[in-house]
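First the structure, in the form of structure tokens, and then the observations on it.
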Amino acid sequence: QVQLVESGGGLVQAGGSLRLSCAASGSIFSPNTMGWYRQAPGKSRELVATIPSNGRTNYSDSVKGRFTISRDNAKNTLYLEMNSLKPEDTGVYFCNVGMFVPTRLRWTDYWGQGTQVTVSS
């Protein structure tokens, strides 16, 4: 089983910065892809950024140039540095890890509980 615990959310003014962290524990197989997704009130969950264990990062157009995703494989920790925050960045941010699980013989996605980010104007 895999557990993901996010931290670092909060309330910030527009133009400010926040850094999210996600600590992963349990059976993490490589290769895998970790990512951040967010869900605003009344909207569906959307991709923010992803980073494979051995590949290139990927960002949604709405955060490109403002957010930076990174990971520390030794610590199984995922980060999201968010700068120049806008009110439209408000939402619950979820950590995700996707990987092929040998015992299931299929790709499996795991999710954290989410952390609230609120950007005031």
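Among the residues of the stretch 31-62, those identified as closer than 16 Å to T115 by Cβ, buried (at least 16 other Cβ atoms within 10 Å of the Cβ) and not charged (D, E, K, R) are M34, G35, W36, Y37, V48, A49. Scanning the stretch 71-121 for residues that are over 12 Å from S17 (Cα atoms), surrounded by 15 or more Cβ atoms within 10 Å (Cβ to Cβ) and touching a helix residue (DSSP H, G or I) at 6+ places or on another chain (Cβ under 9 Å) gives no hits. For the stretch 83-99, taking the residues that are over 11 Å from the mean Cα position of the chain (by Cα) and not small (G, A, S), the one that is farthest from F67 (Cα to Cα) is identified as M99. Annotation note: Cβ proximity below 6 Å between a residue of the stretch 54-77 that is free of Cβ contacts under 8 Å to residues at least 24 places away in the same chain and a residue that is charged (D, E, K, R) and in a strand (DSSP E or B) (sequence gap 6+ or interchain) occurs for T68/E81. Residue count for the stretch 10-42 under the criterion of being at pLDDT 95 or above, touching a Gly at 6+ places or on another chain (Cβ under 8 Å) and assigned to a loop (DSSP other than H, G, I, E, B): the result is 1.
The values are calculated or read from the model by the stated rules, or taken from the named source; none is laboratory data. Here the structure is a predicted model, which means the values were calculated and not measured. All Cβ positions, even for glycine, are placed from backbone atoms using ideal geometry, and neighbour counts span all protein chains on display.
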